[in-house]
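A quick write-up on the structure given underneath.
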Amino acid sequence: MNQEQNELTVTLPVKTTWRDAVHAVQATLGDVDKRLVLLPPGTGNRRALREMALRAAQESSQPSSENVLGRPIRTSVDLGTVQPRPPRSEAARERLRQMAKKAANEEFRQPYVSLKAELYEAYLPTVRAEVVLKAVDCEDTDPSHVLEDVKMIFDTGAHCTIITEELLPRSFREYLKDPVHDPYRSSSGLSLQMEASIALTNSPIAIDAIATVVPKVQMPNQLVGILFGQSSCIDRLTLRMIPRPILLAKGEDISEEFWGDIIVEEYVNVDNEIVPL
């Protein structure tokens, strides 16, 4: 049992009884006795399992699109009502600068996800955001780029936030090629400042972090988009992720177009201060 005591065997006639079979096993075991775990029987709802399998097969057979990004979370947050950020302190600017240098010196690690594109994109949650991208050492007069009402994949398997280079306009990409940005460049990509206002289920949040810009060929499934990842982003949030099946089981009415809820309770800003919500 479980690859143990393989030398023990029991021989039974073709026709026997439960008691005779149990007695034969007891006689063979002798003094051998170990713990085992009995699992409860399944629900027996084979129809539901078949429907789930058929739905997965249908979705995997549909043509994929590199710009189809998962399922949105449920939210009524209006990003247009988010208050402007106060100017960053010099300490915060230096903290971002050091984060960018560290990111540039670390080996780029692919996100853990390696599923087929259509399955990967259909089942990860997405969040709406307004993202402002700037060079790390930029001045107020230097170019920046705003991604308005952009969808980001909320990817706990991504080590950091990753942005596809092809998502950015050509003029901004040309600006980023300037050698002045080389201290924050690695063989994999370029580290940029990211100011993101993100609509979670119960509240907007303001994240100032470092994102890595990489070519499409380095993204999972050559995705053109944003993976909102761990370092200085998800790992600064206290949150609850409640997928749609849980909400349905609790009696809530939620459309199948939504992944579910991501409820944030507090987060740490770039000054390492806790912002309660």
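When peptides 212-219, 29-36, 126-133 are sorted by average Cβ neighbour count within 10 Å, with the highest value leading, the order is 126-133, 212-219, 29-36. When the C-alpha to C-alpha distance is required to be over 24 Å, the pairs from K177/K216; K151/K250; K101/K134; K134/K216 that qualify are K151/K250.
Placing one identical point scatterer on every Cα of the stretch 71-276 and ignoring solvent, what is log10 I(q)/I(0) from the Debye formula at q = 0.14 Å⁻¹? Debye intensities relative to I(0), on a log10 scale: -0.83.
Near V82: Cβ cut-off under 14 Å, other residues only, Lys/Arg at +1 and Asp/Glu at -1. The net charge is -4.
Modelled spin labels at D137 and D20, positioned 7 Å past Cα toward Cβ, are 8.8 nm from each other.
Counting only residues at least eight positions apart within a chain, or on another chain, the lysines with an alpha carbon under 29 Å from that of K34 are K15.
If R0 is 25 Å, what FRET efficiency do you get for S186 and S144 from their C-beta distance, rounded to 0.05?
Numbers: r = 21 Å, r/R0 = 0.86.
So, using R0 = 25 Å, E works out to roughly 0.70.
Applying a DSSP loop filter and a limit of 12 other Cβ atoms within 10 Å to the GluC sites (Glu not before Pro) in the stretch 204-277 leaves E256, E257, E273. Taking amide H atoms as placed 1.01 Å from N in the peptide plane, the amide H of A158 lies under 5 Å from those of Y112, Q230, each 5 or more residues away in sequence or on another chain. For the peptides 11-22, 141-152, residues were scored by their other Cβ atoms within 10 Å and the scores averaged per peptide; the highest-first order is 141-152, 11-22.
FYI, it's all coordinate maths here, none of it is from the lab. None of these values were measured; they are calculated from a predicted model. Ideal geometry is used to build each Cβ from the backbone, glycine not excepted, and the neighbour counts take in all protein chains shown.
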